[in-house]
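Engineer: Questions regarding the structure given below will be posed in turn.
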Amino acid sequence: MESPIKLLTILGSTGSIGENALRVVEAHRERFSIVGLSAHSNAERLIEQARRFHPRIVNIGDESKLDEVKSALAPESIQVTAGRIGLLELASRDDATLLLNAIVGVPGMEPTIQAVESGIDVALSNKESLVMAGDLIRRLMEEHSAALNPVDSEHSAIWQCLAGEKLEEVRRIILTASGGPFRNMPKSEFSKITVHDALNHPNWDMGNKITIDSATMMNKGFEVIEAHWLFNLPLQRINILVHPQSIIHSLVEFVDGSIKAQLGVPDMKVPIQYALLYPEHASADWKRLDLTSLGELTFEKPDYDKFRCLELAFTALKHGGTLPVVLNVANDTAVYAFLREQIRFPEIPELVSAAMDAHASIQDPALDDILETERWTKEFLQPKLD
Ligand code: MG
(Lines give C-alpha, C1' and ligand atoms only; values in the text may rest on other atoms or scores of the structure.)
Protein backbone atom coordinates (compact mmCIF):
# COMPACT_ATOMS: atom_id res chain seq x y z
CA MET A 1 0.00 0.00 0.00
CA GLU A 2 1.29 3.44 -0.85
CA SER A 3 1.61 5.90 2.05
CA PRO A 4 -0.28 9.17 1.68
CA ILE A 5 1.72 12.28 0.86
CA LYS A 6 2.36 14.46 3.89
CA LEU A 7 1.13 18.01 3.39
CA LEU A 8 3.77 19.71 5.48
CA THR A 9 4.24 23.20 6.89
CA ILE A 10 7.57 24.07 8.50
CA LEU A 11 7.72 26.98 10.93
CA GLY A 12 11.24 28.22 11.53
CA SER A 13 12.49 26.71 8.27
CA THR A 14 15.79 28.65 8.16
CA GLY A 15 16.96 27.53 11.62
CA SER A 16 19.03 24.44 12.29
CA ILE A 17 16.02 22.09 12.76
CA GLY A 18 14.19 23.64 9.79
CA GLU A 19 17.19 23.20 7.48
CA ASN A 20 17.63 19.58 8.59
CA ALA A 21 13.92 18.95 8.05
CA LEU A 22 14.23 20.20 4.48
CA ARG A 23 17.16 17.79 3.98
CA VAL A 24 14.82 15.00 5.11
CA VAL A 25 12.15 16.25 2.66
CA GLU A 26 14.78 16.37 -0.08
CA ALA A 27 15.70 12.72 0.63
CA HIS A 28 12.02 11.68 0.37
CA ARG A 29 10.68 14.13 -2.20
CA GLU A 30 7.85 11.83 -3.29
CA ARG A 31 6.51 11.65 0.29
CA PHE A 32 6.01 15.36 0.95
CA SER A 33 4.29 18.38 -0.46
CA ILE A 34 5.26 21.64 1.24
CA VAL A 35 2.29 23.82 2.16
CA GLY A 36 4.07 26.60 4.01
CA LEU A 37 7.45 27.83 5.24
CA SER A 38 8.17 30.54 7.79
CA ALA A 39 11.31 32.33 8.91
CA HIS A 40 11.91 34.89 11.60
CA SER A 41 14.18 37.26 9.68
CA ASN A 42 16.43 35.39 7.24
CA ALA A 43 14.64 36.55 4.07
CA GLU A 44 17.43 35.52 1.73
CA ARG A 45 17.43 31.89 2.88
CA LEU A 46 13.63 31.74 2.95
CA ILE A 47 13.52 32.88 -0.68
CA GLU A 48 16.04 30.18 -1.68
CA GLN A 49 14.01 27.51 0.13
CA ALA A 50 10.74 28.68 -1.44
CA ARG A 51 12.26 28.53 -4.93
CA ARG A 52 13.43 25.00 -4.26
CA PHE A 53 10.42 23.53 -2.46
CA HIS A 54 7.53 25.54 -3.99
CA PRO A 55 5.30 26.04 -0.94
CA ARG A 56 1.86 27.59 -1.39
CA ILE A 57 2.66 30.27 1.17
CA VAL A 58 5.61 31.72 3.07
CA ASN A 59 5.70 33.97 6.10
CA ILE A 60 8.54 36.29 7.05
CA GLY A 61 8.47 37.44 10.67
CA ASP A 62 10.28 40.70 10.06
CA GLU A 63 7.65 42.91 8.41
CA SER A 64 10.28 45.25 6.96
CA LYS A 65 11.34 42.40 4.66
CA LEU A 66 7.87 41.73 3.20
CA ASP A 67 8.49 43.63 -0.05
CA GLU A 68 11.86 41.96 -0.61
CA VAL A 69 10.35 38.46 -0.23
CA LYS A 70 7.25 39.36 -2.25
CA SER A 71 9.12 40.69 -5.24
CA ALA A 72 11.62 37.81 -5.20
CA LEU A 73 8.82 35.22 -5.17
CA ALA A 74 6.41 37.02 -7.52
CA PRO A 75 7.38 34.84 -10.53
CA GLU A 76 6.75 31.66 -8.47
CA SER A 77 3.16 32.64 -7.58
CA ILE A 78 3.72 31.93 -3.90
CA GLN A 79 1.58 33.80 -1.38
CA VAL A 80 3.70 35.89 1.02
CA THR A 81 2.67 37.18 4.44
CA ALA A 82 4.62 38.94 7.16
CA GLY A 83 4.54 39.27 10.92
CA ARG A 84 2.88 37.49 13.78
CA ILE A 85 -0.71 37.42 12.48
CA GLY A 86 0.42 35.86 9.20
CA LEU A 87 2.40 33.28 11.15
CA LEU A 88 -0.58 32.28 13.29
CA GLU A 89 -2.77 32.05 10.17
CA LEU A 90 -0.18 29.82 8.54
CA ALA A 91 -0.10 27.57 11.62
CA SER A 92 -3.84 26.99 11.47
CA ARG A 93 -4.20 26.31 7.70
CA ASP A 94 -5.99 23.00 7.41
CA ASP A 95 -4.64 22.25 3.94
CA ALA A 96 -1.60 21.01 5.89
CA THR A 97 -1.81 17.59 7.57
CA LEU A 98 1.39 18.02 9.56
CA LEU A 99 3.11 21.06 10.99
CA LEU A 100 6.75 21.03 12.07
CA ASN A 101 7.16 23.71 14.70
CA ALA A 102 10.87 24.53 14.77
CA ILE A 103 10.49 28.06 16.05
CA VAL A 104 12.98 28.81 18.82
CA GLY A 105 11.72 30.08 22.15
CA VAL A 106 8.56 31.57 23.57
CA PRO A 107 7.15 32.80 20.20
CA GLY A 108 6.71 29.14 19.21
CA MET A 109 3.99 28.39 21.76
CA GLU A 110 0.98 30.02 20.12
CA PRO A 111 1.53 28.45 16.68
CA THR A 112 1.43 25.00 18.35
CA ILE A 113 -1.86 25.88 20.04
CA GLN A 114 -3.28 27.21 16.75
CA ALA A 115 -2.32 24.05 14.87
CA VAL A 116 -3.69 21.68 17.51
CA GLU A 117 -6.94 23.68 17.65
CA SER A 118 -7.23 23.23 13.90
CA GLY A 119 -6.80 19.46 14.28
CA ILE A 120 -3.38 19.43 12.61
CA ASP A 121 -0.76 16.99 13.89
CA VAL A 122 2.36 18.73 15.15
CA ALA A 123 5.95 17.51 14.89
CA LEU A 124 7.18 19.46 17.88
CA SER A 125 10.67 20.83 18.18
CA ASN A 126 9.66 23.98 20.05
CA LYS A 127 10.16 23.09 23.72
CA GLU A 128 8.43 26.18 25.04
CA SER A 129 5.04 24.97 23.80
CA LEU A 130 4.78 22.12 26.29
CA VAL A 131 6.81 23.81 29.02
CA MET A 132 4.52 26.85 29.07
CA ALA A 133 1.20 25.38 27.99
CA GLY A 134 1.48 21.60 28.41
CA ASP A 135 -1.78 21.26 30.29
CA LEU A 136 -3.74 23.40 27.82
CA ILE A 137 -2.22 21.67 24.77
CA ARG A 138 -3.03 18.21 26.17
CA ARG A 139 -6.66 19.22 26.64
CA LEU A 140 -6.84 20.69 23.11
CA MET A 141 -5.23 17.59 21.57
CA GLU A 142 -8.02 15.42 22.95
CA GLU A 143 -10.73 17.85 21.94
CA HIS A 144 -9.46 18.24 18.35
CA SER A 145 -7.86 14.80 17.94
CA ALA A 146 -4.45 16.16 17.00
CA ALA A 147 -1.22 14.26 17.73
CA LEU A 148 2.17 15.51 18.91
CA ASN A 149 5.22 13.83 17.39
CA PRO A 150 8.33 14.67 19.41
CA VAL A 151 11.35 15.87 17.44
CA ASP A 152 13.78 16.31 20.31
CA SER A 153 16.29 13.43 20.22
CA GLU A 154 15.59 12.33 23.82
CA HIS A 155 11.83 12.30 23.43
CA SER A 156 12.07 10.62 20.07
CA ALA A 157 14.19 7.93 21.75
CA ILE A 158 11.59 7.36 24.47
CA TRP A 159 8.78 7.41 21.92
CA GLN A 160 10.60 4.72 19.93
CA CYS A 161 11.30 2.63 23.07
CA LEU A 162 7.62 2.84 24.07
CA ALA A 163 6.32 1.64 20.71
CA GLY A 164 4.15 -1.42 21.34
CA GLU A 165 4.54 -1.16 25.13
CA LYS A 166 2.03 -0.48 27.92
CA LEU A 167 2.55 2.68 29.96
CA GLU A 168 1.59 0.89 33.19
CA GLU A 169 4.54 -1.47 32.66
CA VAL A 170 6.99 1.45 32.53
CA ARG A 171 8.84 1.93 35.80
CA ARG A 172 10.64 5.10 34.70
CA ILE A 173 12.05 6.90 31.73
CA ILE A 174 15.65 8.06 31.72
CA LEU A 175 16.58 11.16 29.73
CA THR A 176 20.24 11.32 28.84
CA ALA A 177 22.11 14.62 28.98
CA SER A 178 25.52 15.45 27.54
CA GLY A 179 26.21 17.61 30.59
CA GLY A 180 27.23 20.50 28.36
CA PRO A 181 30.63 22.18 28.09
CA PHE A 182 30.93 22.92 31.84
CA ARG A 183 30.35 19.44 33.20
CA ASN A 184 33.89 19.27 34.63
CA MET A 185 34.33 22.92 35.53
CA PRO A 186 34.15 23.77 39.27
CA LYS A 187 31.16 25.94 40.17
CA SER A 188 33.51 28.62 41.53
CA GLU A 189 34.69 29.31 37.98
CA PHE A 190 31.21 29.74 36.50
CA SER A 191 31.32 33.52 36.84
CA LYS A 192 34.24 33.66 34.38
CA ILE A 193 32.35 31.85 31.62
CA THR A 194 32.21 33.91 28.43
CA VAL A 195 29.56 33.79 25.69
CA HIS A 196 32.14 32.16 23.46
CA ASP A 197 32.85 29.38 26.03
CA ALA A 198 29.13 28.71 26.47
CA LEU A 199 28.43 28.49 22.75
CA ASN A 200 30.98 25.71 22.33
CA HIS A 201 28.84 22.55 22.68
CA PRO A 202 30.73 19.22 22.58
CA ASN A 203 28.29 17.09 20.53
CA TRP A 204 25.37 18.93 19.01
CA ASP A 205 25.39 21.81 16.58
CA MET A 206 22.38 23.93 17.56
CA GLY A 207 21.14 27.51 17.69
CA ASN A 208 22.60 29.94 20.26
CA LYS A 209 19.63 29.97 22.64
CA ILE A 210 19.47 26.18 22.95
CA THR A 211 23.25 25.91 23.25
CA ILE A 212 23.21 28.20 26.29
CA ASP A 213 20.28 26.21 27.71
CA SER A 214 22.45 23.08 27.37
CA ALA A 215 25.34 24.80 29.13
CA THR A 216 23.10 25.71 32.13
CA MET A 217 21.26 22.36 31.79
CA MET A 218 17.96 24.27 31.71
CA ASN A 219 17.46 22.46 28.41
CA LYS A 220 17.29 19.17 30.33
CA GLY A 221 14.92 20.71 32.85
CA PHE A 222 12.63 21.74 29.99
CA GLU A 223 12.90 18.25 28.54
CA VAL A 224 11.72 16.71 31.83
CA ILE A 225 8.64 18.96 31.72
CA GLU A 226 8.07 18.09 28.05
CA ALA A 227 8.42 14.37 28.81
CA HIS A 228 5.83 14.70 31.58
CA TRP A 229 3.25 16.07 29.10
CA LEU A 230 4.23 13.88 26.15
CA PHE A 231 4.24 10.55 27.99
CA ASN A 232 1.86 11.29 30.85
CA LEU A 233 4.34 10.33 33.58
CA PRO A 234 4.84 12.01 36.97
CA LEU A 235 8.11 13.79 37.79
CA GLN A 236 9.24 10.95 40.12
CA ARG A 237 9.27 8.56 37.15
CA ILE A 238 11.41 10.80 34.93
CA ASN A 239 15.14 10.63 35.63
CA ILE A 240 18.20 12.33 34.17
CA LEU A 241 21.43 10.50 33.38
CA VAL A 242 24.54 12.37 32.26
CA HIS A 243 26.07 10.61 29.27
CA PRO A 244 28.76 12.83 27.72
CA GLN A 245 29.04 10.98 24.39
CA SER A 246 25.36 11.55 23.43
CA ILE A 247 25.14 8.14 21.73
CA ILE A 248 22.34 6.70 23.86
CA HIS A 249 19.57 9.22 23.27
CA SER A 250 17.39 8.01 26.16
CA LEU A 251 16.12 4.87 27.90
CA VAL A 252 12.95 3.29 29.27
CA GLU A 253 13.01 0.93 32.25
CA PHE A 254 10.12 -1.49 32.63
CA VAL A 255 8.69 -2.97 35.84
CA ASP A 256 10.55 -6.27 35.31
CA GLY A 257 13.92 -4.46 35.28
CA SER A 258 14.32 -4.70 31.51
CA ILE A 259 15.69 -1.53 29.92
CA LYS A 260 15.29 -0.41 26.32
CA ALA A 261 17.56 2.27 24.90
CA GLN A 262 17.70 4.04 21.57
CA LEU A 263 21.14 4.78 20.10
CA GLY A 264 22.47 6.60 17.10
CA VAL A 265 24.97 9.19 15.95
CA PRO A 266 24.04 12.66 17.25
CA ASP A 267 22.29 13.76 14.05
CA MET A 268 18.95 15.57 14.28
CA LYS A 269 17.89 14.33 10.84
CA VAL A 270 17.11 10.92 12.38
CA PRO A 271 14.53 12.08 14.97
CA ILE A 272 13.19 14.71 12.55
CA GLN A 273 12.60 12.07 9.89
CA TYR A 274 10.93 9.73 12.38
CA ALA A 275 8.59 12.54 13.50
CA LEU A 276 7.75 13.44 9.91
CA LEU A 277 7.25 9.90 8.59
CA TYR A 278 5.97 8.23 11.79
CA PRO A 279 5.37 5.32 12.30
CA GLU A 280 7.88 4.42 9.61
CA HIS A 281 11.64 4.01 9.90
CA ALA A 282 12.18 5.06 6.30
CA SER A 283 15.39 4.16 4.52
CA ALA A 284 17.99 6.95 4.61
CA ASP A 285 21.72 7.20 4.03
CA TRP A 286 22.67 9.41 6.99
CA LYS A 287 25.92 8.56 8.78
CA ARG A 288 25.62 5.24 10.67
CA LEU A 289 26.69 4.40 14.18
CA ASP A 290 29.76 2.14 14.29
CA LEU A 291 29.81 0.71 17.81
CA THR A 292 33.27 -0.83 17.41
CA SER A 293 34.85 2.58 16.78
CA LEU A 294 33.18 4.23 19.78
CA GLY A 295 35.53 3.29 22.57
CA GLU A 296 33.59 3.63 25.80
CA LEU A 297 30.26 5.03 26.82
CA THR A 298 30.24 6.68 30.24
CA PHE A 299 27.50 7.72 32.65
CA GLU A 300 27.29 10.07 35.64
CA LYS A 301 24.70 11.48 38.01
CA PRO A 302 23.68 15.08 37.27
CA ASP A 303 25.17 17.70 39.62
CA TYR A 304 22.12 19.53 40.94
CA ASP A 305 24.19 21.87 43.07
CA LYS A 306 26.19 23.11 40.09
CA PHE A 307 23.30 23.24 37.63
CA ARG A 308 20.58 25.03 39.58
CA CYS A 309 18.34 25.29 36.52
CA LEU A 310 17.40 21.60 36.91
CA GLU A 311 15.93 22.14 40.37
CA LEU A 312 14.11 25.27 39.17
CA ALA A 313 12.49 23.28 36.38
CA PHE A 314 11.42 20.51 38.79
CA THR A 315 9.93 23.10 41.15
CA ALA A 316 8.00 24.67 38.28
CA LEU A 317 6.59 21.31 37.21
CA LYS A 318 5.69 20.33 40.80
CA HIS A 319 3.75 23.54 41.43
CA GLY A 320 2.33 23.73 37.92
CA GLY A 321 -0.12 26.49 36.99
CA THR A 322 1.66 29.47 35.46
CA LEU A 323 4.96 28.84 37.29
CA PRO A 324 6.47 26.96 34.30
CA VAL A 325 5.61 30.00 32.16
CA VAL A 326 7.69 32.17 34.49
CA LEU A 327 10.50 29.60 34.38
CA ASN A 328 10.53 29.70 30.62
CA VAL A 329 10.10 33.41 29.98
CA ALA A 330 12.56 34.40 32.71
CA ASN A 331 15.09 31.95 31.29
CA ASP A 332 14.57 33.33 27.78
CA THR A 333 15.09 36.88 29.01
CA ALA A 334 18.15 35.92 31.04
CA VAL A 335 19.77 33.88 28.25
CA TYR A 336 19.43 36.69 25.72
CA ALA A 337 20.82 39.14 28.33
CA PHE A 338 23.80 36.79 28.77
CA LEU A 339 24.28 36.56 24.99
CA ARG A 340 24.31 40.39 24.86
CA GLU A 341 26.88 40.29 27.71
CA GLN A 342 24.56 42.19 30.07
CA ILE A 343 24.75 39.52 32.78
CA ARG A 344 27.19 36.82 33.86
CA PHE A 345 26.53 33.09 33.41
CA PRO A 346 25.60 32.34 37.09
CA GLU A 347 23.01 35.13 36.97
CA ILE A 348 20.84 33.12 34.56
CA PRO A 349 19.43 30.83 37.30
CA GLU A 350 19.44 33.72 39.79
CA LEU A 351 17.11 35.80 37.62
CA VAL A 352 14.85 32.82 36.91
CA SER A 353 14.67 31.98 40.59
CA ALA A 354 13.89 35.60 41.57
CA ALA A 355 11.00 35.75 39.09
CA MET A 356 9.60 32.39 40.23
CA ASP A 357 9.73 33.48 43.89
CA ALA A 358 7.88 36.71 43.17
CA HIS A 359 5.13 35.17 41.03
CA ALA A 360 1.60 34.42 42.23
CA SER A 361 0.81 31.31 40.18
CA ILE A 362 -2.59 30.78 38.51
CA GLN A 363 -3.81 27.16 38.40
CA ASP A 364 -5.32 25.58 35.22
CA PRO A 365 -4.28 28.58 33.14
CA ALA A 366 -6.05 29.52 29.91
CA LEU A 367 -4.12 31.07 27.03
CA ASP A 368 -4.83 34.59 28.35
CA ASP A 369 -3.34 33.71 31.74
CA ILE A 370 -0.23 32.34 30.02
CA LEU A 371 0.19 35.48 27.91
CA GLU A 372 -0.44 37.71 30.93
CA THR A 373 2.21 35.78 32.89
CA GLU A 374 4.63 36.19 29.99
CA ARG A 375 4.09 39.96 30.15
CA TRP A 376 4.40 40.00 33.95
CA THR A 377 7.70 38.08 33.87
CA LYS A 378 9.28 40.41 31.31
CA GLU A 379 8.13 43.45 33.27
CA PHE A 380 9.45 41.99 36.50
CA LEU A 381 12.92 41.35 35.04
CA GLN A 382 13.25 44.56 33.03
CA PRO A 383 14.54 46.79 35.87
CA LYS A 384 17.13 44.14 36.77
CA LEU A 385 18.61 44.33 33.27
CA ASP A 386 18.81 48.12 32.82
MG1 MG B 1 17.33 17.32 23.39
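Engineer: Rounded, prolate or oblate: which fits the stretch 241-342 when a ≥ b ≥ c are the square roots of the eigenvalues of the alpha-carbon gyration tensor, with rounded for a/c under 1.5 and prolate only if a/b beats b/c? Intermediate results must be reported in sequence, preceding the final value.
Structural biologist: On the way: a/c = 1.74, a/b = 1.60, b/c = 1.09.
It is prolate, given that a/c is not under 1.5 and a/b is the larger ratio.
Engineer: Here is a further query. A 19 angstrom limit on the alpha carbon distance is what I want to check against. Which of 220/301; 6/220; 209/378 exceed it? Write down the numbers at each step before the final one.
Structural biologist: Numbers: 220/301 13 Å; 6/220 31 Å; 209/378 17 Å.
In this structure, 6/220 exceed 19 Å between Cα atoms.
Engineer: If you rank 56, 31, 375 by how much accessible surface each has, with a 1.4 Å probe, what is the order from largest down?
Structural biologist: Output order, biggest surface exposure first: 375, 56, 31.
Engineer: In the chain, what % of DSSP beta bridges are antiparallel (nearest 5)?
Structural biologist: Here the share of antiparallel DSSP bridges comes out near 25 percent.
Engineer: Using a simple charge model, +1 on the beta-carbon of Lys and Arg, -1 on the beta-carbon of Asp and Glu, nothing else, what dipole does the stretch 237-310 show about its Cα centre, in debye to the nearest 20?
Structural biologist: That gives a dipole near 200 debye.
Engineer: A follow-up question, please. Name the residue farthest towards the positive end of the dipole of the chain from the options 291, 248, 275, assuming +1 on Cβ of Lys and Arg, -1 on Cβ of Asp and Glu, about the Cα centre.
Structural biologist: 291
Engineer: Same structure again: May I ask for the net charge around residue 53, where only other residues with Cβ less than 11 Å from the Cβ of residue 53 are counted and Lys, Arg are +1 while Asp, Glu are -1?
Structural biologist: Numbers: positive: 29, 51, 52, 56; negative: 26, 48, 76.
With Lys, Arg at +1 and Asp, Glu at -1, the neighbours total +1.
Engineer: Follow-up question, since we're still on this one. Before anything else, pin down the relative contact order of the chain: Cα pairs under 8 Å, at least 6 apart, normalised by residue count, whole percent. Intermediate results must be reported in sequence, preceding the final value.
Structural biologist: Values: 699 pairs, mean separation 55.9, N = 386.
In percent, rounded to a whole number, it is 14.
Engineer: Cross-link partners among aspartates and glutamates for residue 65, C-alpha distance below 15 Å, same-chain residues fewer than 8 apart left out?
Structural biologist: Partners within reach: 44, 48.
Engineer: Related question: Share of the chain's accessible area from carbon and sulfur, percent, 1.4 Å?
Structural biologist: 49 percent
Engineer: Okay, next question. Would you give the gap between the C-alpha center of the stretch 115-129 and the C-alpha center of the stretch 20-81, rounded to a whole Å?
Structural biologist: One Cα centre to the other: 20 Å.
Engineer: Which of rounded, prolate or oblate describes the stretch 306-386 when judged by the alpha-carbon gyration tensor and an a/c cut-off of 1.5? Each step should come with its number before you reach the end.
Structural biologist: On the way: a/c = 2.39, a/b = 1.40, b/c = 1.70.
Oblate, since a/c reaches 1.5 and b/c is not below a/b.
Engineer: In the stretch 138-238, if the dipole is taken from +1 on Lys/Arg beta carbons and -1 on Asp/Glu beta carbons about the Cα centre, which of 211, 157, 190 is farthest to the positive end?
Structural biologist: My answer, from the dipole projection, is 190.
Engineer: Further question on the same structure: Which residue, 32, 22, 60, has the largest displacement toward the positive end of the dipole of the stretch 9-72 when charges sit on each Cβ (Lys, Arg +1; Asp, Glu -1)?
Structural biologist: 32
Engineer: What is the sum of charges around residue 213, taking Lys and Arg as +1, Asp and Glu as -1, for the other residues whose C-beta is under 14 Å from the C-beta of residue 213? Please list the in-between numbers first.
Structural biologist: On the way: positive: 127, 209, 220, 308; negative: 128, 152, 154, 223, 226, 332.
Net of charged neighbours comes to -2.
Engineer: Loop-only GluC sites (Glu not before Pro) in the stretch 222-318, please: DSSP not H, G, I, E or B, and at most 14 other Cβ atoms within 10 Å. Could you put the intermediate results ahead of the total?
Structural biologist: Details: sites: 223, 226, 253, 280, 296, 300, 311; in loops: 280, 296.
Answer in residue order: 280, 296.
Engineer: Counting only C-alpha contacts under 8 Å and six or more residues apart, can you give the relative contact order of the stretch 166-266 as a whole percent?
Structural biologist: Values: 136 pairs, mean separation 43.4, N = 101.
Rounded, it is 43 percent for the stretch 166-266.
Engineer: Oh, and also: Using heavy-atom solvent-accessible surface (probe 1.4 Å) with all chains present, what is the largest-first order of 292, 194?
Structural biologist: Working: 292 130, 194 65 Å².
Reading off the accessible areas and sorting them downward yields 292, 194.
Engineer: Residue 315: accessible area at probe 1.4 Å, nearest 10 Å²?
Structural biologist: Accessible surface of residue 315 is approximately 40 Å².
Engineer: Each label point is 7 Å from the Cα along the Cα-to-Cβ direction; what then is the distance between the points at residue 358 and residue 70, in nm?
Structural biologist: Here the modelled spin labels are 4.2 nm apart.
Engineer: Right, another one. Under the rule a/c < 1.5 gives rounded, and otherwise a/b versus b/c splits prolate from oblate, where does the chain land using the Cα gyration tensor? Don't skip to the end; give the middle numbers.
Structural biologist: Working: a/c = 1.42, a/b = 1.15, b/c = 1.23.
In terms of gyration-tensor shape, rounded.
Engineer: Using the crude model of +1 on Lys and Arg Cβ and -1 on Asp and Glu Cβ, and no other charge, please compute the dipole size for the chain relative to its Cα centre, in debye to 20. Walk me through the numbers before you get to the answer.
Structural biologist: Values: 37 positive and 55 negative charges, 125 e Å.
Rounded to the nearest 20 debye, it is 600 debye.
Engineer: Enumerate the lysines that residue 166 could reach by cross-link, defined here as Cα to Cα under 16 Å, with residues fewer than 8 away along the same chain left out.
Structural biologist: Once the sequence-local lysines are set aside, what remains near residue 166 is 260.
The values are calculated or read from the model by the stated rules, or taken from the named source; none is laboratory data. Because the structure is a prediction, the values reported are computed rather than measured. Here the Cβ is made from the backbone with ideal geometry for all residues, glycine too, and neighbour counts use every protein chain on show. Surface accessibility is based on the protein's heavy atoms, side chains included, excluding ligands, DNA and RNA. Shrake-Rupley method; radii C 1.70, N 1.55, O 1.52, S 1.80 Å.
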